[in-house]
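I have placed the structure first, in the form of structure tokens, so that the comments after it can refer back to it.
What follows is calculated from the coordinates using simple rules that are stated; it is not laboratory data. Here the structure is a predicted model, which means the values were calculated and not measured. Here the Cβ positions follow ideal geometry from the backbone for every residue, glycine too, while neighbour counts run over all protein chains shown.
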Amino acid sequence: MDYKKRLVLKNGERNSEVVIRQYTQKDFVDLIQIQKESFPPPFPSDLWWNQEQLSKHVQLFQEGALCVEVDGVLAGSMTGLLVHFNPAEPHHTWEEMTDNGYIRNHDPKGNTLYVVDICVRPYYRKMDLGKWLMQSMYEVVVHKGVERLLGGGRMPGYAKVAKEMSAEQYLEAIVKGELKDPVLTFLLRCGRTPLGIIGNYLEDEESKGFATLMEWKNPFHSLKSDV
């Protein structure tokens, strides 16, 4: 499946042409630079994309390798792979589920599209590009006919309050709207729902190693199952 979507979105005081498409080898240098801008220290630099990882994304599951351009400039990306997920055994690490970002464990018969990464250049974040990338990946979920989109959401605001509350209490406060988190609040706005907290998910000082498992269920898949 080739994926390409054109939009016109507000960009400050003007409108810009936005294109969401599958990324290719010619985009790799820009994609790595976007990672550097999107995940500055203390985020570990060894978790930024490298050329080999990006090559595997394109080779193994190009349908899950999406990027977004604004007026022809690459502004962000989102990557996924297909896995088999058992809700009765939810605990895992990012490294286990994504093959450390190389996705060599991609399973074309998987029941779940798992989010490896989503990032948008800080300059473009007021345009809701992340939300549009997420919507595009939902469309891939529907096209592939899998049960859900799933991923571990970082909790970069948690370190500031970790001495005062548990990770579970932090998530509860985010869901109630009592606190805001740069990632979890964004994911809730995109229609993702929390399934629970995962410990030791990723080497991430800001999140204290925690992540929230966030799901979007394919509404068409449930309808098909009920027939």
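Brief remarks on what is shown
- Which listed pairs, of Lys5/Lys126; Lys56/Lys160; Lys109/Lys176; Lys10/Lys109, have C-alpha distances above 31 Å, in listed order: Lys56/Lys160; Lys109/Lys176; Lys10/Lys109
- Distance from the alpha carbon centroid of the stretch 159-225 to that of the stretch 63-123 works out to 17 angstrom.
- Coupling constants for the stretch 75-82 follow from the phi torsions by the Karplus curve (6.51 cos²θ - 1.76 cosθ + 1.60, θ = phi - 60°), and in residue order they are 10, x, 7, 8, 10, x, 9, 8 Hz; glycine and proline get x.
- The chain shape via C-alpha gyration tensor axes, a/c threshold 1.5: rounded
- Packing rank of 187-194, 112-119, 153-160, where each peptide gets the mean count of other beta carbons within 10 Å, highest leading: 112-119, 153-160, 187-194
- Calculated log₁₀ intensity ratio I(q)/I(0) where the Debye formula runs over C-alpha points of the stretch 1-97, q = 0.18, 0.21 Å⁻¹: -0.96, -1.13
- Entry for the stretch 154-227 at q = 0.13, 0.18 Å⁻¹: log10 I(q)/I(0) = -0.41, -0.67, Debye formula applied to identical alpha-carbon scatterers, no solvent contribution.
- Computed from the Cβ-Cβ distance with R0 of 35 Å, the FRET efficiency linking Glu205 to Val142 stands at 0.45.
- Remark: the Thr185-Gln135 segment gains 16.4 nm on full extension, using 0.36 nm per residue and subtracting the alpha carbon distance.
- Mean Kyte hydropathy of 1.0 or more with a Cα span along the axis of at least 18 Å, helices from DSSP in the chain: none
- Cβ crowding within 10 Å averaged over residues, with 199-208, 75-84, 132-141 ranked highest first: 75-84, 132-141, 199-208
- The gain in end-to-end length when the Val29 to Glu17 segment is fully stretched comes to 2.1 nm, 0.36 nm per residue minus the alpha carbon separation.
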